[in-house]
Amino acid sequence: MHNPASTGYMGAADKPLFFCFDAPQRATTGATTRPFGFVLCPPFGREYVSTHRVFRQFASRLARAGFPVLRFDYFATGDSAGEDSEGSLEQWLDDVATAVDTFRNHTAGMPVWLAGLRLGASLAALYAAQHQDVGGLILWDAVVDGKRYVDTLLAAHQQRFRQTAGHGQTIPAADGVREVFGALLSPRLASGLRAIDLAALPRAPAPRILLMSSSPQADPDDLGNRLAALGASVDRKHVPWPELWAEGAEMNDVLMPPARVLQAMVDSAQGGLR
């Protein structure tokens with residue numbers, strides 16, 4: 001029997017955030033005691049939905065390898081409080097901080113690493129650069145250029161709308177909120193996301209960083225060289241896999257967790273990204 005995950009809510013009483021904590025499974029797997037654990041930062045919108053099972057599998061693999069793991073939903077997403085239109089970049093960075101504190105409360109202050117996918121990787125890097133209290137990062141296909149990210153989301157949604165509705169422009173709500181594949185993008189959130197530019201980070205967000213690429217290119221935005229120039233020890237792994245979040249992704253790709261990608265990240269974590 002493996003240790004069951006524990007779930008609950010964390011943070012302010014008026015903005016409770018859902019979390020799930022996986023204890024390390026050393027007793028049943030014989031895994032080595034690890035000197036650190038992970039907080040997992042999910043992506044946004046359709047990408048969150050299509051990779052939800054992937055994140056569960058990632059947390060399970062890390063726990064079986066001996067790492068404590070906390071995953072969570074940002075405010076106004078998933079099972080956390082908040083209306084769909086209330087999310088913002090500033091709030092979500094605060095949510096990462098809440099998750100880090102909750103992880104430390106569950107592990108008696110164990111050092112923490114962050115791992116994120118797509119926008120989650122961006123939030124992990126931005127939080128770590130601001131706080132300088134993270135031992136390492138796993139950045140899986142991070143959103144490097146926020147403006148390009150938002151423009152791509154809006155363009156893809158517009159194309160799908162035209163294909164299904166067969167006419168005209170999508171019309172924002174009166175307050176400027178737009179829908180992107182079932183998620184709501186407020187002007188405040190769009191502005192925050194557009195401001196993301198990981199290539200312009202002023203300092204290394206963490207001493208050790210794994211760039212995990214499952215896209216066709218190993219490092220399409222040359223982020224690794226930028227982070228190395230800031231003084232980080234950067235490891236790069238390239239395991240091509242169908243982009244689960246991309247427009248036109250096959251349902252089989254979404255339903256089948258990318259085992260080789262997940263195991264490559266766990267292997268790097270076990271080696272301390274050295």
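The values are calculated or read from the model by the stated rules, or taken from the named source; none is laboratory data. For clarity, every value in this text was computed on a predicted model and none was experimentally measured. Please note: Cβ atoms are built from the backbone with ideal geometry, for glycine as well, and neighbour counts cover all protein chains shown.
Per the listing Asp84, Asp22, the residue uniquely acidic (Asp, Glu) and out of contact with any helix residue (DSSP H, G or I) (no Cβ under 9 Å at 6 or more places or on another chain) is Asp84.
The set of residues from the range 213-230 being touching a residue at least 60 places away in the same chain (Cβ under 8 Å) and touching a Leu at 6+ places or on another chain (Cβ under 7 Å) comprises just one member, Leu223.
In the range 105-123, of all residues being of a type in the set (A, V, I, L, M, F, W, C) and in a loop (DSSP other than H, G, I, E, B), the one that is nearest to Trp92 (Cα to Cα) corresponds to Met110. Selection of first residues in the range 81-106 that are under 16 Å from Ala23 (Cα atoms) and of second residues that are modelled with pLDDT of 95 or more and of a type in the set (Ser, Thr, Tyr), restricted to Cβ pairs under 8 Å at least 6 apart or on distinct chains, gives the following pairs, ordered by first then second residue: Val100/Tyr127. Hey, can you tell me all the residues within the range 55-67 that are touching a residue at least 40 places away in the same chain (Cβ under 8 Å) and out of contact with any helix residue (DSSP H, G or I) (no Cβ under 7 Å at 6 or more places or on another chain)? Scanning the range 55-67 gives Phe55, Ala59, Ala63.
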